Amino acid sequence: MSANISTQPATSGQGSASLLARLLHMRETGLIAIIFVLFLVMSFASPYFLTWVNMRAMVMAFAVEGIVVIGMTILLISGGIDLSVGSVTALAMVVAGWLFLAGVDPWVASGIAIAACTGIGAIMGYFVTRVGLHHFIVSLAVMVIARGICLLATGGRPLGLFTLPPEFKFIGQGSIGPVPLVIIIFIVAVVAFDLMLRKTTVFRKVFYTGSNERAAAYSGIRTKKVVFLTTTLCSALCGVAGIIYMARFGSAQPTFGLGMELNVIAAAVIGGASLNGGTGTIFGAILGVVLLSVVSSSLALLDVSVYWQDIIRGSILLAAVSIDHYLHKRRR
């Protein structure tokens, strides 16, 4: 009996040490620590940082973009990439806004706009899986085409949608209690897709495809279908984000989303999604969004020049990609 008593604490200690080691090696743990330090530093650097107004503005800023990050993360895990997310998001706004001004019900117009974005994703998926082109080239072409359509349809001018009904504007401007509806939609999307990515067989195939597409195909996974669906899903979520943005701002801006692909890809990679495919989590990607949002808010409150802000954001992306490349080499 004494032997059993003496070995029990060691076993418990080993378990705790093992759990602590796993937590320390998690990408998310490091991100949470960095975000906490930034919050601590900025609370002393600016009296406006921890105010309710700034916190609400910061969360509202990344909540809708976070929906696009979800799609990009899943696509990166499958081995793809999409440079057209900003243009497709703007296109959803323009299509829905143009149809509304033409007399179409805003809900119907929004459904058509999301369907159009989904169709764009399906077209990109076709060129990648059937024609054999690389995601980078296809999405780059679609980025230019979608932006051109936005400018052509609007003459380069924003569409004022001041007559949107209040129940539609509620999507982007309303609150349930003290919590904005945008944030609730964002949280529901994050939880739903994170659970699906972790628990469902269908989404587990995304990891297998991104890790080794040839081996996954030999094991019976229809890898081309997986890539097609993840490409389509990413554009569909861009469509959803575009509609929320339109409801929030009450306008459709053809130049909206310029540079969004930089923030979205950076957030996903910072959160652990690999440009080589096969790894990533929704939770990690959202932490990446939060980190970039905190950095942007901090730079604005510290009155840093917008030109320096672009340099800093680009440097963060370069650092994230470099870390991802280093970790990928270590795993090989």
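Tell me the residue from V64, V53 that is open to solvent by 30 Å² or more (accessible area, probe 1.4 Å), of a type outside the set (F, W, Y) and in a helix (DSSP H, G or I), please. Just a single option satisfies the conditions, and that option is V53. Residues of segment 200-253 that are more than 16 Å from G111 (Cα to Cα) and of a type in the set (F, W, Y): F203, F207, Y208, Y218, F228, F249.
Taking the criterion of being surrounded by 13 or more Cβ atoms within 10 Å (Cβ to Cβ), out of contact with any Asp or Glu (no Cβ under 9 Å at 6 or more places or on another chain), modelled with pLDDT of 85 or more and in a helix (DSSP H, G or I), would at least one residue in segment 10-30 satisfy it? No, there is no match, as no residue in segment 10-30 is surrounded by 13 or more Cβ atoms within 10 Å (Cβ to Cβ), out of contact with any Asp or Glu (no Cβ under 9 Å at 6 or more places or on another chain), modelled with pLDDT of 85 or more and in a helix (DSSP H, G or I). Within segment 137-186, the set of residues being open to solvent by 70 Å² or more (accessible area, probe 1.4 Å), in contact with a strand residue (DSSP E or B) (Cβ under 9 Å, 6 or more places away or on another chain) and of a type outside the set (S, T, N, Q) comprises P158, F162.
The set of residues from segment 110-139 being over 14 Å from S235 (Cα atoms) and under 19 Å from the mean Cα position of the chain (by Cα) comprises just one member, F136.
Is there a residue being free of Cβ contacts under 8 Å to residues at least 24 places away in the same chain and of a type in the set (G, A, S) anywhere in segment 158-167? No, segment 158-167 contains no residue that is free of Cβ contacts under 8 Å to residues at least 24 places away in the same chain and of a type in the set (G, A, S).
Looking for something among the β-branched types (V, I, T), modelled with pLDDT under 85 and out of contact with any Phe, Trp or Tyr (no Cβ under 9 Å at 6 or more places or on another chain) - is there at least one such residue anywhere in segment 307-320?
Yes, some residue in segment 307-320 is among the β-branched types (V, I, T), modelled with pLDDT under 85 and out of contact with any Phe, Trp or Tyr (no Cβ under 9 Å at 6 or more places or on another chain).
The values are calculated or read from the model by the stated rules, or taken from the named source; none is laboratory data. The structure displayed is predicted, hence computed values, not measured ones. Using ideal geometry, Cβ is built from the backbone for each residue, glycine included, and neighbour counts are taken over all protein chains shown. Areas reflect the complete protein model, heavy atoms only, side chains present, ligands, DNA and RNA absent. Shrake-Rupley method; radii C 1.70, N 1.55, O 1.52, S 1.80 Å.
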